[in-house]
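First up is the structure itself, then whatever we jot down about it.
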């Protein structure tokens, strides 16, 4: 009897999945993943996702658009509004921005080694976002200079990738895997987009 109930639930889930796929389609994070969210009878949401593999040109376009997306997400926000968050205890808009910039600078170090010394073994310290948030006083700082730095850093990397032959295929070796410049830029682009979406949610939640 229990097995029969399980089979019925599986059949129901498969039918629901088919409906959502056909009628609602997949949600997409450009260049990164596509996902399908399916609510279940017991109030949970199942998320199915698959990674996308954009071309090198698509990655560069996505990476190049990131500075503008970040700038637009914070346009016309006062210092007080930059301190708004999605929920109590969650990061504020200000903290999201400063985290994005710091992750960008940390990862750019790997990108530069891959471009300058392809195939080199790279060893770096693990990046702990919450430690940086506290240690660098994200909640107390202004963000204007950091946003300018973010744009300049992206333009710098784009210029190198467009000038150096085979730049996107150059790699470094870490203790765990080999990483290409293309993979690193895709990750950086997706990471920034994730936080930009969080900023938009905060704005929408607060009617700004």
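Summary of computed values
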read-out	value
√(5λ) per eigenvalue of the Cα gyration tensor, segment 42-139, largest first, Å	28, 21, 18
For segment 100-149: rounded, prolate or oblate by the Cα gyration tensor [a/c cutoff 1.5]	oblate
Cα shape, segment 135-183, gyration tensor, a/c 1.5 rule	oblate
Modelled FRET efficiency - R0 22 Å, residue 169 with residue 116, Cβ distances, 0.05 increments	0.90
Mean-position separation - Cα centroids, segment 176-201 and segment 77-100, in angstrom	20
Neighbour-count ranking [beta-carbon atoms within 10 angstrom, fewest first] of 87, 156, 56	87, 156, 56
For segment 56-205, Kirkwood radius (reciprocal of mean inverse C-alpha pair distance, Å)	16.1
Burial ranking of peptide ranges 130-138, 68-76, 184-192 (average Cβ count within 10 Å, highest at the top)	184-192, 68-76, 130-138
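We did not get these values from a lab; they are worked out from the coordinates using the rules stated. Worth saying up front: this structure is predicted, and the values here are computed from it rather than measured. Glycine gets a Cβ as well: all are built from the backbone with ideal geometry, and neighbour counts include every protein chain shown.
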